[in-house]
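Single-structure report; data block below.
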Amino acid sequence: MAKSMKKMLLLAKKEVTAGTDSTPTAAANAILCRALMPEPITAEQVQRNLIRPYKGNSGSLTVGEHRKFTFEVELAGSGTAGTAPAWGPLLEACGFAATITAGTDVTYDLVSEGEPTLTLYGYLDKTKFVITNAKGTVSFELLESIFLDDC
């Protein structure tokens, strides 16, 4: 039976101990996202390129396996000054540190070490994908709209 791509949910929660499932919940750890693409197994291959006295494929070796989620998140605040947005833990796992000033603001600065790991739950039409010890990469796409009126 085909899975519905409209029935998706992403949960993310910081881990207290790296690699230990932190059990995110929908009520506290849901991430508003789009284009969620779980990849249960992604492997890196190295070609052997052997020199042999006959023709044929030299084959390859698997040198690394990992799981991957790809998704897009809107850069929207929490709606309350001094409260981190729901997607804040994602940014922290990508090498940013949050500085929270209660009642005022939340700022993020790059760090080179010590970023937390996450437990991610991805649901695709009742199929659950789990990633523990997750860290990531981030890229930003900012769109600008200019509207001019005929005066």
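The values are calculated or read from the model by the stated rules, or taken from the named source; none is laboratory data. Note that the structure is predicted; figures quoted are calculated from it, not measured. Counting neighbours? That spans all protein chains shown, and the Cβs are built from the backbone with ideal geometry, glycine included.
Can you tell me which condition Thr62 does not meet? The list is (1) touching a residue at least 60 places away in the same chain (Cβ under 8 Å); (2) out of contact with any Cys (no Cβ under 8 Å at 6 or more places or on another chain), and all the others hold.
(1)
Which residues, counting only those in the range 85-121, are of a type in the set (S, T, N, Q) and without any contact (Cβ under 8 Å) to a residue 24 or more places away in the chain?
Within the range 85-121, Thr99, Thr101, Thr104, Thr107, Ser112 qualify.
Could you figure out which of (1) at pLDDT below 95; (2) under 23 Å from Ala134 (Cα atoms); (3) out of contact with any helix residue (DSSP H, G or I) (no Cβ under 8 Å at 6 or more places or on another chain) isn't true of Ala93?
Every condition holds for Ala93 apart from (1).
For residues that are closer than 17 Å to Glu92 by Cβ and outside any loop (DSSP other than H, G, I, E, B), tally how many sit in the range 1-29.
7
Would you mind telling me which numbered condition in (1) out of contact with any Asp or Glu (no Cβ under 8 Å at 6 or more places or on another chain); (2) among the charged types (D, E, K, R); (3) touching a residue at least 40 places away in the same chain (Cβ under 8 Å) Arg67 fails?
Just one mismatch for Arg67, condition (1).
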